[in-house]
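The values are calculated or read from the model by the stated rules, or taken from the named source; none is laboratory data. From a predicted model like this one, the values you see are computed outputs, not experimental measurements. Here Cβ is always computed from backbone atoms with ideal geometry, including for glycine, and neighbour counts include all displayed protein chains.
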Amino acid sequence: MSMRWFGPWDWFSDEWLTTRQAAKLFFVATLLVLAVTPQAFGWVNPLKMPMWERIPWSILSMLGVLALFFLWFGMWRYWARLDYSTVAAKRIWFVILLFGFWYGSCLYYYCAYRPQVTEKWPVES
């Protein structure tokens, strides 16, 4: 009998994590996380903008929050279950994912997840 986790850990199946659709969604999530960075650090303050400028920033912020959790939990699951890096590399990625939060997840996506996942896909003609 296998132990069943609940919550964000079960959002993704191991098989789905290695699909093109997953890689594309995680890529979009990295872009959204990076796009909301100016607002997260206070470099952009939507409250001082007119309403027509505030609405896109609000929508971007809402999507960015969803994206960062999607990306963070997805990269953790991939790291824990499917990453075939060396033990030393996995230890380094553990620290980056743990303390880098979603920015660490962006880095992990580009440097570890995407190269490992795309090498398994069949070449399209």
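Observations on the structure shown:
- Qualifying residue in segment 113-121 (condition: surrounded by 17 or more Cβ atoms within 10 Å (Cβ to Cβ), part of a helix (DSSP H, G or I) and within 15 Å of the chain's Cα centre (by Cα)): yes
- Candidate set from segment 1-34 (those that are part of a helix (DSSP H, G or I) and β-branched (Val, Ile, Thr)); member that is modelled with the lowest pLDDT: Val33
- Among the conditions (1) loosely packed, with under 15 Cβ neighbours inside 10 Å; (2) part of a helix (DSSP H, G or I); (3) modelled with pLDDT of 90 or more, Tyr84 misses just one, which is (2).
- Residue in segment 47-65 that is small (Gly, Ala, Ser) and crowded, with 19+ Cβ neighbours inside 10 Å present: yes
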